[in-house]
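K.L.:
Supplied in structure tokens, the structure appears directly below.
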Amino acid sequence: MILLGIVAALSIQSNGIVNADFSSGMTGWPRATYGAEPTVSIDNAVKHGSTPSLRVSCDQPTDTAFGQDIHVTPGAFYRFTGWVKTKNVRPGNSPVFGTIQVQLPGGTSTLSTGHNHEGDTDWTQESVYFVGPGDGRARVAMFLFGWGRGTGTAWFSDLKLDTLKTEETPMRITQEPLCPGRISPMQYGQFIEYLCDLVPSMWAEKLYDGSFEGLTPYKFRFTAETDFKEKPWYPFGQANRLKVEQDASTFISGAHSKRIELSEGLPCTGGIAQDGVALTKGKACKFSIYVKGTGGKGHLKVRLFHETAEYAVTTVPVTADWQKVSATLTPSATTDEATLSISFEGPGTIWLDNASLMPVDTVGGWRKDVVKVLTEIKPAVIRVGGSVLDDANLGTFEWTDTIGDPDKRKPFGAWGGMQPMGAGLEEVVQLIQAVKAEPLICVRYEKKTPKDAANEVEYFNGSVDTPMGGLRAKNGHPKPYGIKYWQVGNERWGEEYWKAVPEFCKAMLQADPKIKLLSSFPSDPLIKMAAPYIDYTSPHQYDVENLSGSLEELENTRSMIKKNAGGKAIKLAVTEWNTTAGDIGLPRAKLWTLKNALDCSRYQNLLHRVADLVEIANRSNLTNSFCSGIIQSNRSKLYLTPTYYAQYLYANFGGTRPLKIESDLPVNLSPDTSATLSDDGKWLTVFAVNESATDVRRIIDLTAFGDGGRDAEVWTLGDTQKAGEPDATNSFAAPERIVPIKSTFHTSGPKFDYNFPPLSITVLRWKLKG
């Protein structure tokens, strides 16, 4: 151990990397290989300058990388550089090849990555910029191939780590367009899917399992011990005389009703009940249920109560045949702990189906508080899709089961959670249009035909003279919805899908020639086959912390379109994005943190820079969803996550014209900055994300906009407790810990210093003269 320490000390360079010039062979550079073993050597013949290189070669598929954990200053800014040369590099299925990266220790996450080098390339310098993580630990790495296997040879040389002084480097905001495109407001889109309690958390229904089909466990978790769970129905009253079971022989919808029998003998009272009903004093609710029965006193008693406190009570009649009965219940108090009981006096038997307790005051059945905060972030486009749409293993979704009379709809599960019957696809579209957004509907591909997709388009967009438009009118909505954006399949890939997309598109365009069509995941063959029909192709990006990797994927898709689309200007719609998708368990909590808001905002800045390519982007997800929802709600209230407020700032204050920023540092570092101009030229807005744990002072130069001073409106999103914790978040107990704070900032001239607080998003907004 002592001897190894001496060797490492002798090899360490002034920049903090052990054996950066490979003068001590492979000391300090452990290798990770999956697949074929490569040939590794120090090459004194192929050099960059006078420095020997590391040569890595394999003619069989391999996944090989070298990494070294280093110590850095938290919050400091760094540039990791290295020279790369390649020969006959064929990446296969590897997304990372012939390049360098900076990661968290152990390679658990990518902080920044260099450009890939494919085929034969001469010596090229790669520079990777990053901020020192909070614990002062990072990992520098060299990749032959990563997260996939390829073949070929790569050389690495002249590795170096530099500390950058940002306060001495001005940011010059110019009037020069950054790219030819405009920033579409649809870059601030949101995403709704049938995922556990996502849709139920927005729907105003207060009862669970109103169809009495039974509750099922989620196929997802965050904290298994405390995760939200629907409340079940349970026997109520004189339970020793009760028999409660599902009955498949008679029902209104689904496959069952609830049969409740009070045994023969002396009079008794019983039924079923459900706990955890949230009530607001004076806010009336409509109770409704289908019921039939024999024996008993001919009525049901419906109560809202908790222990000895009774909040509302009513009776509804029971007849021998199914009938829908209803009553208004107005609570006398506010509580989250009410019990709703449905009981009758026996002996006798009753059957129940489709129970509901819905507030009278809703927006088409949706919670008014949810609609309010959703309207305020101006999403412009909201996508409806998700895995349950195209994966029968995750649910039983069929859009045709969700339209028409809600009482006759077929209940379905999604990732385990039963979905409320009233919140069908048509109601979701109505919600989206109520908040003045464009719906983006993903049609099912799995086990479906082009005719099925065309029928869906015709239902929502066709005139009443068409078969499906006539059905829509019969269901109570004669006016077409005019949905413009339609996507074929969710997360689809492969030859069968590629060949099917043109046929789906042709059928859908025949139903409505005015629609815009999106494919699922982009590929060379897909674009080649579908280019005449599609307007967008749609990658999903769930590792947006890795900004350089995300940008490379977008630019690679740009090249793919240029190569295969025959000159058609196909755009990108990133129809799902976030910092992670698959984290299960406690790591998923990152999605509701301040850190997530910072990462998502840096990605929004990136989207500004590629506004000519990316027109639509839908952050995943909208509500709850085990931490990923920007809106978190329970049955009575909600709070907003830091990322909600970040999305609010961009959607409300972002301009449409991205401006070029001149600086000797990358614009995505210290802080990550985007400058935009409003379409009318009256407002200049600068978004700045400081992800470091320290203040960052920069010189801002606005001389391109005149010689005078500037009064700026400022919004700063950060931790009001100033705890220095990137994983801080809001909660029901502290809903406004992380919120935007508005202030003003005055300068006497066009060039000035500005101090960006640690772990913050700053919006600087100037009204321009002339």
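K.L.:
Filter region 81-102 down to residues that are out of contact with any Asp or Glu (no Cβ under 8 Å at 6 or more places or on another chain) and open to solvent by less than 10 Å² (accessible area, probe 1.4 Å) and give me whichever is farthest from Gly134 (Cα to Cα).
P.N.:
Gln101
K.L.:
Quick one: which strands (runs of 3 or more DSSP E) sit completely within region 714-770 and have at least 2 residues that are within 23 Å of the chain's Cα centre (by Cα) and closer than 16 Å to Thr673 by Cα?
P.N.:
Numbers: elements: 738-747, 751-756, 760-767.
In region 714-770, 760-767 are the strands (runs of 3 or more DSSP E) which contain 2 or more residues that are within 23 Å of the chain's Cα centre (by Cα) and closer than 16 Å to Thr673 by Cα.
K.L.:
Which members of region 585-611 meet the condition of being over 15 Å from the mean Cα position of the chain (by Cα) and β-branched (Val, Ile, Thr)?
P.N.:
Of everything in region 585-611, just one residue is over 15 Å from the mean Cα position of the chain (by Cα) and β-branched (Val, Ile, Thr), namely Val610.
K.L.:
I'd like to verify a number: residues in region 273-322 that are within 22 Å of Arg367 (Cβ to Cβ), of a type in the set (Val, Ile, Thr) and open to solvent by less than 40 Å² (accessible area, probe 1.4 Å), how many?
P.N.:
Looking only at that region, the number is 2.
K.L.:
Also, quick follow-up: Scan Glu118, Glu167 and give me the residue that is under 23 Å from Pro671 (Cβ atoms) and surrounded by fewer than 16 Cβ atoms within 10 Å (Cβ to Cβ).
P.N.:
Glu167
K.L.:
Something else now. Which pairs turn up if I take residues in region 648-659 that are touching a residue at least 60 places away in the same chain (Cβ under 8 Å) and under 11 Å from Val686 (Cα atoms) and look for partners that are part of a strand (DSSP E or B) and charged (D, E, K, R) with beta carbon separation below 7 Å, at least 6 apart in sequence or on another chain?
P.N.:
Listed by first residue and then by second, the contacts come to Phe653/Arg765; Leu659/Glu176.
The rows are residues; the columns are (1) under 24 Å from Ile42 (Cβ atoms); (2) outside any strand (DSSP E or B); (3) in contact with a Lys or Arg (Cβ under 9 Å, 6 or more places away or on another chain).
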site	(1), (2), (3)
Val102	yes, no, yes
Gly106	no, yes, yes
Thr121	yes, no, yes
Leu144	yes, no, no
Phe156	yes, no, yes
Thr174	no, no, yes
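K.L.:
Something else about it: Looking at the structure I just gave you, is Val363 open to solvent by 40 Å² or more (accessible area, probe 1.4 Å), over 22 Å from Lys484 (Cα atoms), of a type in the set (Val, Ile, Thr) and in contact with a Leu (Cβ under 9 Å, 6 or more places away or on another chain)?
P.N.:
Numbers: open to solvent by 40 Å² or more (accessible area, probe 1.4 Å): yes; over 22 Å from Lys484 (Cα atoms): yes; of a type in the set (Val, Ile, Thr): yes; in contact with a Leu (Cβ under 9 Å, 6 or more places away or on another chain): yes.
Against the criterion (open to solvent by 40 Å² or more (accessible area, probe 1.4 Å), over 22 Å from Lys484 (Cα atoms), of a type in the set (Val, Ile, Thr) and in contact with a Leu (Cβ under 9 Å, 6 or more places away or on another chain)), Val363 qualifies.
K.L.:
Run Phe251 past the list (1) of a type in the set (Phe, Trp, Tyr); (2) open to solvent by less than 10 Å² (accessible area, probe 1.4 Å); (3) not in a strand (DSSP E or B) and report the number of the one that doesn't hold.
P.N.:
(2)
K.L.:
What is the one condition in (1) buried (at least 21 other Cβ atoms within 10 Å of the Cβ); (2) in contact with a Leu (Cβ under 7 Å, 6 or more places away or on another chain) that Ala453 does not satisfy?
P.N.:
So the condition that Ala453 fails would be (2).
K.L.:
Consider region 490-528. How many of its residues are surrounded by fewer than 19 Cβ atoms within 10 Å (Cβ to Cβ) and polar (S, T, N, Q)?
P.N.:
Count: 1.
K.L.:
Run down Leu677, Leu665 and say which single residue is open to solvent by less than 30 Å² (accessible area, probe 1.4 Å) and more than 21 Å from Ser760 (Cα to Cα).
P.N.:
On the way: Leu665 fails: more than 21 Å from Ser760 (Cα to Cα).
None of the others qualify; the one that does is Leu677.
K.L.:
Looking at Ala569, Ala617 in this structure, which one is open to solvent by 30 Å² or more (accessible area, probe 1.4 Å) and of a type in the set (A, V, I, L, M, F, W, C)?
P.N.:
Values: Ala617 fails: open to solvent by 30 Å² or more (accessible area, probe 1.4 Å).
Selected residue: Ala569, the only one of Ala569, Ala617 that is open to solvent by 30 Å² or more (accessible area, probe 1.4 Å) and of a type in the set (A, V, I, L, M, F, W, C).
K.L.:
Among residues belonging to region 366-395 that are over 30 Å from Trp493 (Cβ atoms) and in contact with a Pro (Cβ under 9 Å, 6 or more places away or on another chain), point out the one that is least open to solvent (accessible area, probe 1.4 Å). Explain how you work it out, then say what you get.
P.N.:
Going residue by residue through region 366-395, those that are over 30 Å from Trp493 (Cβ atoms) are 366-378.
With the extra rule that they be in contact with a Pro (Cβ under 9 Å, 6 or more places away or on another chain), the set shrinks to 367-368, 378.
Working: Arg367: 27, Lys368: 101, Lys378: 110 Å².
Among those residues, the one meeting the criterion is Arg367.
K.L.:
Of the conditions (1) of a type in the set (Lys, Arg); (2) within 19 Å of the chain's Cα centre (by Cα); (3) crowded, with 17+ Cβ neighbours inside 10 Å, Lys231 fails just one. Which one is it?
P.N.:
(2)
K.L.:
Could you tell me whether any residue of region 420-436 is assigned to a loop (DSSP other than H, G, I, E, B), surrounded by fewer than 19 Cβ atoms within 10 Å (Cβ to Cβ) and in contact (Cβ under 8 Å) with a residue 40 or more places away in the chain? Let's see the steps before the verdict.
P.N.:
The first filter runs over region 420-436 and keeps only residues assigned to a loop (DSSP other than H, G, I, E, B), leaving 420-424, 435-436.
When the remaining residues are screened for being surrounded by fewer than 19 Cβ atoms within 10 Å (Cβ to Cβ), the result is 436.
Adding the requirement that they be in contact (Cβ under 8 Å) with a residue 40 or more places away in the chain leaves 436.
Within region 420-436, one or more residues are assigned to a loop (DSSP other than H, G, I, E, B), surrounded by fewer than 19 Cβ atoms within 10 Å (Cβ to Cβ) and in contact (Cβ under 8 Å) with a residue 40 or more places away in the chain.
K.L.:
Still on this structure, please answer the following. Among the residues of region 206-213, is there at least one that is surrounded by 20 or more Cβ atoms within 10 Å (Cβ to Cβ) and basic (Lys, Arg)?
P.N.:
yes
K.L.:
Just wondering, is there one or more residues in region 696-706 that are touching a His at 6+ places or on another chain (Cβ under 9 Å) and among the small types (Gly, Ala, Ser)?
P.N.:
So the first thing to find is which residues in region 696-706 are touching a His at 6+ places or on another chain (Cβ under 9 Å), and the list is none.
The answer is no, given that none of the residues of region 696-706 is touching a His at 6+ places or on another chain (Cβ under 9 Å) and among the small types (Gly, Ala, Ser).
K.L.:
Another question, then. Condition (residue is open to solvent by less than 60 Å² (accessible area, probe 1.4 Å), out of contact with any Leu (no Cβ under 7 Å at 6 or more places or on another chain), modelled with pLDDT of 95 or more and not in a helix (DSSP H, G or I)) applied to region 529-537: is it met by at least one residue?
P.N.:
Taking every residue of region 529-537 in turn, at least one turns out to be open to solvent by less than 60 Å² (accessible area, probe 1.4 Å), out of contact with any Leu (no Cβ under 7 Å at 6 or more places or on another chain), modelled with pLDDT of 95 or more and not in a helix (DSSP H, G or I).
K.L.:
Answer yes or no as to whether Ala36 is small (Gly, Ala, Ser), surrounded by fewer than 19 Cβ atoms within 10 Å (Cβ to Cβ), under 42 Å from the mean Cα position of the chain (by Cα) and at pLDDT 95 or above. First the steps, then the outcome.
P.N.:
Values: small (Gly, Ala, Ser): yes; surrounded by fewer than 19 Cβ atoms within 10 Å (Cβ to Cβ): yes; under 42 Å from the mean Cα position of the chain (by Cα): yes; at pLDDT 95 or above: yes.
When the stated conditions are applied, Ala36 passes them.
K.L.:
Still on this structure: Do the conditions hold for Ile403, that is, is it open to solvent by less than 10 Å² (accessible area, probe 1.4 Å) and of a type in the set (A, V, I, L, M)?
P.N.:
No.
K.L.:
Right, something else. Test Pro180 against the criterion of being assigned to a loop (DSSP other than H, G, I, E, B), surrounded by fewer than 17 Cβ atoms within 10 Å (Cβ to Cβ) and in contact (Cβ under 8 Å) with a residue 60 or more places away in the chain, and give yes or no.
P.N.:
Details: assigned to a loop (DSSP other than H, G, I, E, B): yes; surrounded by fewer than 17 Cβ atoms within 10 Å (Cβ to Cβ): yes; in contact (Cβ under 8 Å) with a residue 60 or more places away in the chain: yes.
Criteria met by Pro180.
K.L.:
Kindly evaluate Thr328 against the criterion of being open to solvent by 40 Å² or more (accessible area, probe 1.4 Å), among the hydroxyl-bearing types (Ser, Thr, Tyr), over 30 Å from Tyr497 (Cβ atoms) and free of Cβ contacts under 8 Å to residues at least 40 places away in the same chain.
P.N.:
No.
K.L.:
Determine the pairs where a residue that is in contact (Cβ under 8 Å) with a residue 40 or more places away in the chain, located within region 93-104, has a partner that is in a loop (DSSP other than H, G, I, E, B) and among the charged types (D, E, K, R) with Cβ atoms under 8 Å apart, the partner being 6 or more residues away or on another chain.
P.N.:
Pairs found: Phe97/Glu118; Gly98/Glu118.
K.L.:
Kindly indicate whether Lys410 is under 23 Å from Asp209 (Cα atoms) and either surrounded by fewer than 21 Cβ atoms within 10 Å (Cβ to Cβ) or modelled with pLDDT of 95 or more (or both). Give the steps one after another, and end with the answer.
P.N.:
Details: under 23 Å from Asp209 (Cα atoms): yes; either surrounded by fewer than 21 Cβ atoms within 10 Å (Cβ to Cβ) or modelled with pLDDT of 95 or more (or both): yes.
Against the criterion (under 23 Å from Asp209 (Cα atoms) and either surrounded by fewer than 21 Cβ atoms within 10 Å (Cβ to Cβ) or modelled with pLDDT of 95 or more (or both)), Lys410 qualifies.
K.L.:
Sticking with this one: In region 697-713, which residues are surrounded by fewer than 17 Cβ atoms within 10 Å (Cβ to Cβ) and either assigned to a strand (DSSP E or B) or not aliphatic (A, V, I, L, M) (or both)?
P.N.:
Just the residues of region 697-713 that are surrounded by fewer than 17 Cβ atoms within 10 Å (Cβ to Cβ), to begin with: 697, 699, 703-704, 706-709, 711, 713.
Selection gives Arg697, Ile699, Thr703, Gly706, Asp707, Gly708, Gly709, Asp711, Glu713.
The values are calculated or read from the model by the stated rules, or taken from the named source; none is laboratory data. Everything numeric here is computed off the predicted structure, so don't read it as measured data. Ideal geometry is used to build each Cβ from the backbone, glycine not excepted, and the neighbour counts take in all protein chains shown. These area figures cover heavy atoms from the full protein model, side chains too; ligands, DNA and RNA do not enter into them. Shrake-Rupley method; radii C 1.70, N 1.55, O 1.52, S 1.80 Å.
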